[in-house]
Amino acid sequence: MSKEIVIEPATRLEGHAKIVIKLDKNNKVEDAHFGVTVTRFFEKFVEGRLMERVIRIVPRICGICPEAHHLASVSAVEAAWGITPPKAALKLRDLLLQAKTISSHALHFYALAAPDFLVGPLAEPQYRNVVTVIKHLPDAGKKAIELMKIGQDLCFLVGGRAIHPVTSVPGGQSKPMTEEERDEQLKRIDRAMELAKFTLDLARKVVGDYLDVITKLGVFDSYYIGLAREGVHTIFGDATVRVMSPDGKIVADFAKKDYLDYVAEHVAPHSYATHIFFKPASYPDGIWRAGPLGRINVADKMETPLAQEALKEFRDAVGRPCHATLAYNWARVVELVEAVEKAKMLLEDPDIVSTDVKLADVEPREGNGVGVVEAPRGTLIHHYWSDEKGICTKANLIVATNHNIAAVEKSFLVTAKQVFEDKIHEKLKLPEPMIKT
Amino acid sequence: MPVTVAMVSLASCWGCYQSLLDTHEALLDILPQLDIKFWHTVTDFKYKDLESYKDGSIDVGIVEGVCRTEEDVHILKTLRKKCKTLISLGTCSTYGGIYGLLNLTTIDQALKRKFVEAESVQEPNIPEEDVPKMLDFIVPNRKIVDFEVFLPGCPVVSKDIADAILGLLKGELPKPPVRTLCDECPREKSEVITIKQLKRDYEGIPDPKKCLLEQGYICMGPATREGCGALCPKAGMPCRGCYGPGPNVIDQGAKMISALGSIVDYESISPEELVEKVGDVAGTFYNFFLPSGIISKTVRKAK
């Protein structure tokens, strides 16, 4: 008799999904589904709203990365209206996204991912969480909280609120940064660097301990997508969207506004989140991965020195392209280091305290515009149509996590075959967990 | 002994739980006092675990988000049965929230836009296999189950969450609001406000010290309850009303329309120009409140 294994809900992720693995009577894996069980239809209910309000509505797509939505949104509106904001405003926005990357990557690493490694994959489910980590490794727990706080406080300062920012308006920013505020943040960013280095050391230890698992479990070839500026890793601003093929060639490097030639959605009948893929390669061959691993793979190098060192170490160990799904967690920490270095560079830039942060004369016009930034979990695309009064008539959104839905499903299929057919979990070298429950 | 807690997210953005995490060091006080029985983003408990607990066996349930699907309704009702005290966390749960703007259209139109008409979709197809059915309308959660505590906000600010949880641990319920957002806003206001010109948020450079409404920007402060500390006006942006209606206000949007109507100088702006300038009445005045507003029922009847 065939059977289904249902994991409901998928846990330690933001959002709602279930996993279904279908086995035949011989325990052969027939299929694996990753079903996203809800959607909220932002692309529909922003129709009819004032464009400047859409910028304040869309952060509610994600409470962990609202800054990315706010910024992709304001870029799309400015593109539609043909506006270029003052350069200091663009630097503040860049800083806002770096700040978010710091707190989100810290949260993702410590709260969502680390329990699997620190408490161990074989621990009882009730212990596999960040509360256990805080209890047993209080020093690491405190450092995680401190790092998240530095990032969130900087989000608050630039965005006006730590969650659901409000300061980006068509034409600039509603609030400049004062010199006193800048000086205070500069003091804290050095502490963030210490904490990021601590996190990198922890990630390095975990990767070393679990290298057998990381390089063998759930590994599969795919395309990769991420922003880059002339090949250099970036998350914001002037950049192109790069695509890497499974054999490691850059097969596209396109302008943001041309995304519809390269990016397409497949509607899976069992999921309210669509499967995004590389259009020229069609579906399912064109399945790609976004986020830290995607960005690290497509980039020739990192923008900042310590992150570049960390990338070199990453590539020496797992190569380029790296197809190991579990290496996402290491890639994330490489990016964390860059976000801290980049935030420091921006805070040291005299423009960051400029009071010239907003145009006084802004006129709506009929047109459409595309905004693309790198959200912590991947390439984020907002595309809006505006009428001549500045009212949104239509929107198309390609949200970061959706790029990965097809790949997540494929990871489950690959891993389920390894577990149910090859019993790989009995053969993998697992270390003694750092936390014994 | 730690208090047992189950925290669920219905259709939501997780912002209210992010705000709980943003209590930072206070987490180290709060977490050891809680015995978490369900919190899908942070722990590995499954729905079957939640279903298996005895009715009334969990001390506190926390609900973030609103019901978009039939599954959401099931989870909300299940949680209510299991918990002694139920907290409505955030504006989605409390008033229906921003996703309630979809009530202005139909779910069929929404499914069509997203899965059939979207420019990037290839081979249009509406998901129907093993996915929960969408509800026709968003309603505030209190229309489905009873709650003991409401903490609105989009998101609820961290301090409100920490105070409420630490208070509940001592058996105290949070106090209801007594003031509006204007009362806690540091911007300077005249005794009598008169608006001669309405402005869109991107127009001009607002005076950083003066009341935004007085400068012609539509700020929802007069119709909104206190609590956030006037975060948006402090950052140079008008309040959008995310904390919900002020004390003794039944319909937040109607209250704001009436407030605006009474301060506009009609010799400078005609009523027609006013409506034209507002541009989007539902989105302007009911951004977070549509499913709780009187207008919502009228929209539904019209369909």
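The values are calculated or read from the model by the stated rules, or taken from the named source; none is laboratory data. Since we're looking at a predicted model, the values are computed, not measured. When we count neighbours, we look across all protein chains shown, and the Cβ atoms used for this are built from the backbone with ideal geometry, even at glycine.
Does B:SER19 satisfy the condition of being buried (at least 24 other Cβ atoms within 10 Å of the Cβ) and of a type in the set (Ser, Thr, Tyr)?
Taking the combined requirement at face value, the residue satisfies it.
Right, A:LEU147: in contact with a Leu (Cβ under 7 Å, 6 or more places away or on another chain), at the interface with chain B (Cβ under 9 Å from one of its Cβ atoms) and either touching a residue at least 40 places away in the same chain (Cβ under 8 Å) or buried (at least 24 other Cβ atoms within 10 Å of the Cβ) (or both) or not?
no
Do we find a residue being crowded, with 20+ Cβ neighbours inside 10 Å, within 16 Å of A:VAL46 (Cβ to Cβ), more than 8 Å from chain A (Cβ to nearest Cβ) and in contact with a helix residue (DSSP H, G or I) (Cβ under 7 Å, 6 or more places away or on another chain) anywhere in region B:103-118?
yes
Of A:PHE254, A:PHE236, A:PHE278, which residue is in contact with a helix residue (DSSP H, G or I) (Cβ under 9 Å, 6 or more places away or on another chain) and over 30 Å from B:PHE288 (Cα atoms)?
Details: A:PHE236 fails: over 30 Å from B:PHE288 (Cα atoms); A:PHE278 fails: in contact with a helix residue (DSSP H, G or I) (Cβ under 9 Å, 6 or more places away or on another chain).
Residue meeting the stated conditions: A:PHE254.
Given region B:207-298, what helices (runs of 4 or more DSSP H) lie entirely inside it while holding 1 or more residues that are within 11 Å of chain A (Cβ to nearest Cβ), closer than 21 Å to A:ARG56 by Cβ and more than 19 Å from the chain's Cα centre (by Cα)?
B:231-234, B:271-278
Does A:LYS175 satisfy being of a type in the set (D, E, K, R) and more than 29 Å from A:GLY371 (Cα to Cα)?
Spelling it out, it is not the case that A:LYS175 is of a type in the set (D, E, K, R) and more than 29 Å from A:GLY371 (Cα to Cα).
Filter region A:271-303 down to residues that are in a strand (DSSP E or B), surrounded by 24 or more Cβ atoms within 10 Å (Cβ to Cβ) and not hydrophobic (A, V, I, L, M, F, W, C), then give me how many there are.
Of the residues in that region, 2 qualify.
So A:ALA113 passes all but one of these: (1) within 11 Å of chain B (Cβ to nearest Cβ); (2) under 15 Å from the mean Cα position of the chain (by Cα). Which condition number does it fail?
Condition not satisfied by A:ALA113: (1).
Going by what's in this entry, would B:PRO186 be described as modelled with pLDDT of 95 or more and in a loop (DSSP other than H, G, I, E, B)?
Judged against the criteria, B:PRO186 is a match.
Identify, please: which residue in region A:271-295 is touching a residue at least 40 places away in the same chain (Cβ under 8 Å) and charged (D, E, K, R) and is, among those, nearest to the other protein chains (Cβ to nearest Cβ)?
A:ARG289
Which residues, counting only those in region A:213-270, are buried (at least 21 other Cβ atoms within 10 Å of the Cβ), β-branched (Val, Ile, Thr) and more than 14 Å from every other protein chain (Cβ to nearest Cβ)?
Matches in region A:213-270: A:VAL213, A:ILE214, A:THR234, A:ILE235, A:VAL243.
Quick one: in region A:157-173, which of the residues that are under 16 Å from A:PRO86 (Cα atoms) and not in a loop (DSSP other than H, G, I, E, B) is nearest to the other protein chains (Cβ to nearest Cβ)?
Step by step, filter region A:157-173, then rank; the result is A:VAL169.
Which one of these is of a type in the set (A, V, I, L, M), touching a residue at least 60 places away in the same chain (Cβ under 8 Å) and touching a Lys or Arg at 6+ places or on another chain (Cβ under 9 Å): A:ALA331, A:ALA327, A:ALA343, A:ALA339? Working first, answer last.
Details: A:ALA331 fails: touching a residue at least 60 places away in the same chain (Cβ under 8 Å); A:ALA327 fails: touching a Lys or Arg at 6+ places or on another chain (Cβ under 9 Å); A:ALA343 fails: touching a Lys or Arg at 6+ places or on another chain (Cβ under 9 Å).
Only one candidate passes the filter, namely A:ALA339.
Mind listing whichever residues of region A:348-397 are free of Cβ contacts under 8 Å to residues at least 40 places away in the same chain and either more than 22 Å from A:LYS175 (Cα to Cα) or assigned to a strand (DSSP E or B) (or both)?
Answer for region A:348-397, where residues must be free of Cβ contacts under 8 Å to residues at least 40 places away in the same chain and either more than 22 Å from A:LYS175 (Cα to Cα) or assigned to a strand (DSSP E or B) (or both): A:GLU366, A:ASP387, A:GLU388, A:LYS389.
Output the residue which, of all residues in region B:124-138 that are more than 7 Å from chain A (Cβ to nearest Cβ) and part of a loop (DSSP other than H, G, I, E, B), is surrounded by the fewest Cβ atoms within 10 Å (Cβ to Cβ).
Restricting to residues being more than 7 Å from chain A (Cβ to nearest Cβ) and part of a loop (DSSP other than H, G, I, E, B), the top hit is B:LYS133.
Testing A:MET302 on (1) free of Cβ contacts under 8 Å to residues at least 40 places away in the same chain; (2) in contact with a strand residue (DSSP E or B) (Cβ under 6 Å, 6 or more places away or on another chain), one condition comes back false. Which one is that?
Condition not satisfied by A:MET302: (1).
A quick yes/no check of all residues on (1) of a type outside the set (A, V, I, L, M, F, W, C); (2) more than 13 Å from every other protein chain (Cβ to nearest Cβ); (3) out of contact with any helix residue (DSSP H, G or I) (no Cβ under 9 Å at 6 or more places or on another chain):
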{"position": "B:ILE144", "(1), (2), (3)": "no, yes, no"}
{"position": "B:GLY153", "(1), (2), (3)": "yes, no, no"}
{"position": "B:ILE165", "(1), (2), (3)": "no, yes, no"}
{"position": "B:LEU168", "(1), (2), (3)": "no, yes, yes"}
{"position": "B:THR180", "(1), (2), (3)": "yes, yes, no"}
{"position": "B:PRO186", "(1), (2), (3)": "yes, yes, no"}
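Please give the number of the condition B:HIS24 fails out of (1) over 21 Å from A:ALA10 (Cβ atoms); (2) more than 7 Å from every other protein chain (Cβ to nearest Cβ); (3) surrounded by fewer than 22 Cβ atoms within 10 Å (Cβ to Cβ).
With respect to (1) over 21 Å from A:ALA10 (Cβ atoms); (2) more than 7 Å from every other protein chain (Cβ to nearest Cβ); (3) surrounded by fewer than 22 Cβ atoms within 10 Å (Cβ to Cβ), B:HIS24 is out only on (2).
Outside any strand (DSSP E or B) and under 20 Å from the mean Cα position of the chain (by Cα): does that describe A:ALA203?
Yes, satisfied.
For region A:110-144, name all the residues that are of a type in the set (Phe, Trp, Tyr) and under 22 Å from A:TYR328 (Cα atoms).
A:TYR110, A:PHE117
For the condition of a type in the set (Asp, Glu) and within 21 Å of the chain's Cα centre (by Cα), what is the one hit in A:GLU14, A:GLU47? So that I can check it myself, show each step before the final result.
Numbers: A:GLU47 fails: within 21 Å of the chain's Cα centre (by Cα).
Of A:GLU14, A:GLU47, the one residue that is of a type in the set (Asp, Glu) and within 21 Å of the chain's Cα centre (by Cα) is A:GLU14.
What residue, of A:GLY371, A:GLY319, is away from chain B (no Cβ under 14 Å) and under 29 Å from B:THR105 (Cα atoms)?
Unique residue meeting the criteria: A:GLY371.
Test each condition in (1) within 22 Å of the chain's Cα centre (by Cα); (2) closer than 30 Å to A:ASP261 by Cα for A:LYS389 and report the one that comes out false.
Going through the list (1) within 22 Å of the chain's Cα centre (by Cα); (2) closer than 30 Å to A:ASP261 by Cα, A:LYS389 breaks only (1).
Among the numbered criteria (1) small (Gly, Ala, Ser); (2) under 18 Å from the mean Cα position of the chain (by Cα); (3) within 14 Å of chain B (Cβ to nearest Cβ), which one does A:ALA324 miss?
It is condition (3) that A:ALA324 fails.
Show me the helices (runs of 4 or more DSSP H) found entirely inside region B:1-99 where at least 3 residues are out of contact with any Pro (no Cβ under 9 Å at 6 or more places or on another chain).
Numbers: elements: B:15-21, B:25-30, B:47-52, B:70-82, B:91-95.
Once the helices (runs of 4 or more DSSP H) in region B:1-99 are filtered for at least 3 residues that are out of contact with any Pro (no Cβ under 9 Å at 6 or more places or on another chain), what remains is B:25-30, B:47-52, B:70-82.
Give the residues of region A:103-131 that are of a type in the set (S, T, N, Q) and part of a helix (DSSP H, G or I), sorted by residue number. Write out each step before concluding.
We begin by selecting, within region A:103-131, every residue of a type in the set (S, T, N, Q); these are A:103-104, A:126, A:129.
A:SER103, A:SER104, A:GLN126, listed by residue number.
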